[in-house]
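Visitor: For reference, the structure I am asking about is given below.
Any read-out appearing in this document is the output of simple, stated calculations on the displayed coordinates, not a laboratory observation. Given the structure is predicted, the values throughout are model-derived calculations rather than measurements. Here the Cβ positions follow ideal geometry from the backbone for every residue, glycine too, while neighbour counts run over all protein chains shown.
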Amino acid sequence: MVVKLKDGVYWVGVVDWALRKFHGHELSTHRGSTYNAYLIMDKKIVLVDSVWGPFANELMANIRELVDPAKIDIVVANHAETDHSGALPTVLRHAPNAEVIVSKQGAMSIPGHYHEDWKFRKVSTGDKVNIGNNDLVFVEAPMLHWPDSMFTYLTGHNILMSNDAFGHHYATGFRFNDEVDRDELYEEAFKYYVNILTPFSDRVIKKIDEVLALKLPVDMIAPSHGVIWREDPLQIVMKYKEWAAQQPEPRAVILYDTMWNGTRQMAEAIGEGLAEAGVDYKIFNLAVSDRNDVLVEVFKARTVLVGSSTINNGVLPTIMPVMTDIKGLKFKNKIGAAFGSYGWSGEAVKLIEEHLTASGIHIARDGIRFKWQPRPEELDACRGFGREIAEETKKPCTT
Ligand code: FEO
C-alpha cells in the first residue's frame, strides 16, 4: 500500500500489526508499529529510509507501484538500526546505481551492519543535495536515537523526515495524526520518549532549538515509526520540549516484589499514608508488570519508592530490570526511598538505597524494614512513612 503525502512524495512503508516486542524483547509494543519509508519522485528518485528486513518484499512491492526500483538514484539511510536499514540490501540489489547518503557516523554504522561496498556519500548538518525542483537538506541528530541518526528535510514540500525522533510504536489503518485516536497516539508517543529518548533529553532540547532557529517552514513531520504529523506538526516538537524538561508531577510510584506478602502489605500501607497526605500514587508488583509501562509511570512521578523482600542477601531478581532501566534512563528531579520485609539478614533496603543513589535519585528518608510479617503497629509506621514521603513529594523540585 502506498499513501500520498504530497504530489511526488509517498509513504511506501509497512504496518507491523503483530509486533509486541521490539529491540529483541526489550520494549513492549502493545499497539504494534510501522516502519516508515518515503519515496520522493522529483527529477531524481529518492528513497528515504527502508524497513525492517523481514518486510523487504512489501517495501519493494510498494515502490514498484510507483516506479521501477532500478530508477532509484538516491537512498538516504538516516540511521543504521535494522528496523530502518534492514531492507537496504534488497533495495540496493534492485537499485544498483543508487547512491547511499549517510551521516558521518552512518558511514561507519551502515557498513558495520551490512559489510557491503555501496556508493556512499557522507553528509553533515546543513549539506544540501539537489534532486531537481527541490533539495534535500540534512541535519545530524546524534543520539536521537543512535550516534548516526540524521533528519532529512525536503524543501518545496517542507517535510521533515525525522527518523526515530517524534515517532511512536502505533499500528493504525491511517497514516496521518489527524486521522487517528489522539489519546492513543500521545500515549504511544510518550511511552516511546520515556523508554528511548529520556537519557538524551538535554540533546533533544538543544536539537529542537537548533532546528527551530533555522526557521524552516514545516508542513509535515514524517517520522520513521507511527503516523505523520500533518495537522499542527509542531505540536509534537513542543511536547518533546516539555518532556525533555523532566518536571515530574507531585505523585508517587511504589514498585515492589514480595515473597509471602509482607512487602506487599508494606507497599499498600505506604500508599495509604501518601493518600492520607493528599498525594496520588500507583503500585506495581514488578513480578507481574510490564517494565516499559512501569517506566512511563516512573517518568511522571516525583517520587519513586522501591520495596523488596531480602533473598540470598540481596533483592528479589524481578526488581533489577526496572532498577537497571531507572539508572540507564537517567531520570532527573526525583526523590526516592526503600522498604521491605525480611527474615534474618535484611540487606534489601540498603541495596535499593544504594541503587537509587547511583541512579541520581535523592533519598528523601531512610528506608523502612520489618522482620517477618508486619504487625499492625508496623503497618501504621508504614502509613507514617508514606505521610512523611508525601510531604517531601509536595515540595518543589530542587534535586
Ligand atoms: Fe527505530 Fe533507532 O530505530
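Visitor: Which pairs break 20 Å Cα to Cα here: Lys43/Lys215; Lys21/Lys239; Lys207/Lys239; Lys282/Lys350; Lys128/Lys215; Lys44/Lys119? Mind dumping the intermediate values first?
Guide: Details: Lys43/Lys215 26 Å; Lys21/Lys239 25 Å; Lys207/Lys239 14 Å; Lys282/Lys350 23 Å; Lys128/Lys215 16 Å; Lys44/Lys119 16 Å.
As for pairs spanning more than 20 Å Cα to Cα, those are Lys43/Lys215; Lys21/Lys239; Lys282/Lys350.
Visitor: Going by Cα centres, region 162-177 and region 227-281 are how many Å apart?
Guide: Distance between centres, Cα-based: 24 Å.
Visitor: For the peptides 17-25, 204-212, 219-227, what is the packing order when you average, over each peptide's residues, the other Cβ atoms within 10 Å and list the highest mean first? Spell out each step's value before the answer.
Guide: Working: 17-25: 12.4, 204-212: 16.4, 219-227: 24.0.
Result, highest mean first: 219-227, 204-212, 17-25.
Visitor: If you don't mind, another one. Return the distance in nm (one decimal) between the two label points of a simple spin-label model at His25 and Glu391, each offset 7 Å from Cα along Cα→Cβ.
Guide: 4.5 nm
Visitor: Right, another one. With no solvent and one point on each alpha carbon, what is the Debye value of log10 I(q)/I(0) for region 122-187 at q = 0.13, 0.18, 0.26 Å⁻¹?
Guide: Log10 of I(q)/I(0), two decimals: -0.48, -0.79, -1.05.
Visitor: Please give the helix 348-358 orientation as an angle from the longest Cα principal axis of the chain, in degrees from 0 to 90, rounded to the nearest 10.
Guide: 40 degrees
Visitor: Do the sum for the chain: with -39,500 (n - 2.57) for every DSSP H run of n ≥ 4, divided by all residues, what is the mean residue ellipticity at 222 nm, to the nearest 500 deg cm²/dmol? Kindly include the intermediate steps, with their values, before the conclusion.
Guide: On the way: 12 runs with 130 residues, N = 399.
Only helices count here, giving -10000 deg cm²/dmol.
Visitor: Helix 235-244: angle to the longest alpha-carbon principal axis of the chain, degrees 0 to 90, nearest 10?
Guide: The helix 235-244 is inclined about 40 degrees to the chain.
Visitor: Take the alpha carbon atoms of the chain, find their radius of gyration, then divide it by 2.2 N^0.38 Å using N residues; give the quotient. Don't skip to the end; give the middle numbers.
Guide: Details: Rg = 24.2 Å, N = 399, 2.2 N^0.38 = 21.4 Å.
Against the empirical 2.2 N^0.38 Å value, I get 1.13 for the chain.
Visitor: On a 0 to 90° scale, report how tilted helix 376-394 is relative to the longest principal axis of the chain, with both axes built from alpha carbons and the result rounded to the nearest 10.
Guide: Around 40 degrees separate the two axes.
Visitor: Using only alpha carbon pairs under 8 Å that are at least six residues apart, calculate the relative contact order of region 3-244 and give it in whole percent.
Guide: About 17 percent, as a whole number.
Visitor: Determine, for each peptide in 300-310, 88-98, 108-118, the mean count of other beta carbons within 10 angstrom over its residues, then list the peptides with the highest first. Could the numbers behind the result be given before it?
Guide: Working: 300-310: 26.1, 88-98: 18.3, 108-118: 14.9.
Per-residue Cβ counts within 10 Å, averaged per peptide and sorted highest first, yield 300-310, 88-98, 108-118.
Visitor: Regarding region 253-394, what's the average projected area of the Cα-atom convex hull, expressed in nm²?
Guide: Hull-based average projected area comes out at 7.1 nm².
Visitor: Share of Cα-Cα pairs in region 67-201 beyond 19 Å, in percent? Let's see the in-between values first.
Guide: Details: 5119 of 9045 pairs.
Roughly 57 percent, once rounded to a whole number.
Visitor: Also, quick follow-up: If contacts are Cα pairs under 8 angstrom and at least 6 residues apart, what is the relative contact order of region 284-399 in percent? Numbers along the way, then the final one.
Guide: On the way: 168 pairs, mean separation 30.1, N = 116.
Over region 284-399, the number comes to 26 percent.
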